[in-house]
Amino acid sequence: MDRLLVDTNIVIDLLARREDFYVEAQELFTLADRGEVELSVSALTFANIYYILCKHHASEHVRKALNKLKILVKTLPVDDKIIELALHSDFKDFEDAIQYHSALQNHLDMIITRNKKDFKHSRLPVFTAREYLNAHNL
């Protein structure tokens with residue numbers, strides 16, 4: 001079973017039902033619901049999603065969505081080691097560095113993101129949700 005780190009943008013695609021990206025995000029999370037993949041997010045993802053979605057939705061609505069999300073994903077801790085690695089990484093975006101090192105430190109297989117260029121220094125394979133689904137004939 002593939003163990004995937006799902007970047008924040010994919011989760012927002014799902015929860016905000018972003019028009020051009022919702023379907024593939026939904027398909028990816030359906031695989032997790034069926035037990036066909038293990039999806040993980042960093043703890044930072046929950047904070048970022050809450051902040052972003054509360055700009056457009058009531059806090060109670062966002063919390064309910066995050067509770068449902070929590071059922072489908074494993075939450076990876078962001079600890080001192082991950083912050084240290086992110087601070088000293090070649091990533092331009094600090095949040096992406098945290099995501100990457102969370103995946104690496106937890107021995108995940110790959111990263112799923114909509115912004116592959118942000119992970120150009122990754123030692124892990126990086127796919128968009130659509131690329132992952134297509135590669136697995138889904």
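Annotation note: of Leu39, Leu66, the sole residue that is under 13 Å from Leu14 (Cα atoms), at pLDDT 95 or above and of a type outside the set (Ser, Thr, Tyr) is Leu66.
Scanning for something in contact (Cβ under 8 Å) with a residue 60 or more places away in the chain, surrounded by 14 or more Cβ atoms within 10 Å (Cβ to Cβ) and of a type in the set (Phe, Trp, Tyr), does segment 16-27 turn up at least one residue?
Step one: filter segment 16-27 for residues in contact (Cβ under 8 Å) with a residue 60 or more places away in the chain, giving 21, 24-25, 27.
Pick out the ones that are also surrounded by 14 or more Cβ atoms within 10 Å (Cβ to Cβ) and you get 21, 24-25, 27.
After this cut, where a residue has to be of a type in the set (Phe, Trp, Tyr) as well, the list is 21.
Yes, there is a match, as at least one residue in segment 16-27 is in contact (Cβ under 8 Å) with a residue 60 or more places away in the chain, surrounded by 14 or more Cβ atoms within 10 Å (Cβ to Cβ) and of a type in the set (Phe, Trp, Tyr).
Condition (residue is hydroxyl-bearing (Ser, Thr, Tyr), under 18 Å from Ser40 (Cβ atoms) and touching a Phe, Trp or Tyr at 6+ places or on another chain (Cβ under 7 Å)) applied to segment 131-138: is it met by at least one residue?
Applying the first criterion (hydroxyl-bearing (Ser, Thr, Tyr)) to segment 131-138 yields 132.
Subset that is under 18 Å from Ser40 (Cβ atoms): 132.
After this cut, where a residue has to be touching a Phe, Trp or Tyr at 6+ places or on another chain (Cβ under 7 Å) as well, the list is none.
Within segment 131-138 (the criterion being hydroxyl-bearing (Ser, Thr, Tyr), under 18 Å from Ser40 (Cβ atoms) and touching a Phe, Trp or Tyr at 6+ places or on another chain (Cβ under 7 Å)), the answer is no, since none of the residues qualifies.
Restricting to segment 76-120, name every residue that is among the basic types (Lys, Arg) and touching a strand residue (DSSP E or B) at 6+ places or on another chain (Cβ under 6 Å). Steps first, answer last, please.
Restricting attention to segment 76-120, the residues satisfying the condition of being among the basic types (Lys, Arg) are 81, 92, 114, 116-117, 120.
The one that is among the basic types (Lys, Arg) and touching a strand residue (DSSP E or B) at 6+ places or on another chain (Cβ under 6 Å): Lys116.
Against the list (1) closer than 25 Å to Ser122 by Cβ; (2) surrounded by fewer than 19 Cβ atoms within 10 Å (Cβ to Cβ); (3) in contact with a Phe, Trp or Tyr (Cβ under 7 Å, 6 or more places away or on another chain); (4) not basic (Lys, Arg), the condition Ala97 fails is (2). Just name the residue that is nearest to Val37 (Cα to Cα) out of those in segment 96-115 that are in contact with a Ser or Thr (Cβ under 9 Å, 6 or more places away or on another chain) and of a type in the set (D, E, K, R). So the residue we want is Arg114. Selection of segment 1-35 for residues being within 20 Å of Val62 (Cα to Cα), within 12 Å of the chain's Cα centre (by Cα) and of a type outside the set (A, V, I, L, M) yields Asp7, Thr8, Asn9, Asp13, Phe29.
From the set of residues in segment 63-94 that are polar (S, T, N, Q) and surrounded by 13 or more Cβ atoms within 10 Å (Cβ to Cβ), which is farthest from the chain's Cα centre (by Cα)? Working first, answer last.
Let us first name the residues in segment 63-94 that are polar (S, T, N, Q), namely 67, 75, 89.
Still in the running and surrounded by 13 or more Cβ atoms within 10 Å (Cβ to Cβ): 75, 89.
Values: Thr75: 10, Ser89: 19 Å.
The residue in question is Ser89.
The number of residues in segment 116-136 that are touching a Ser or Thr at 6+ places or on another chain (Cβ under 9 Å) and closer than 17 Å to Asn9 by Cα comes to 6.
The values are calculated or read from the model by the stated rules, or taken from the named source; none is laboratory data. Worth saying up front: this structure is predicted, and the values here are computed from it rather than measured. Note: ideal-geometry Cβ built from the backbone for every residue, glycine included; neighbour counts use all protein chains shown.
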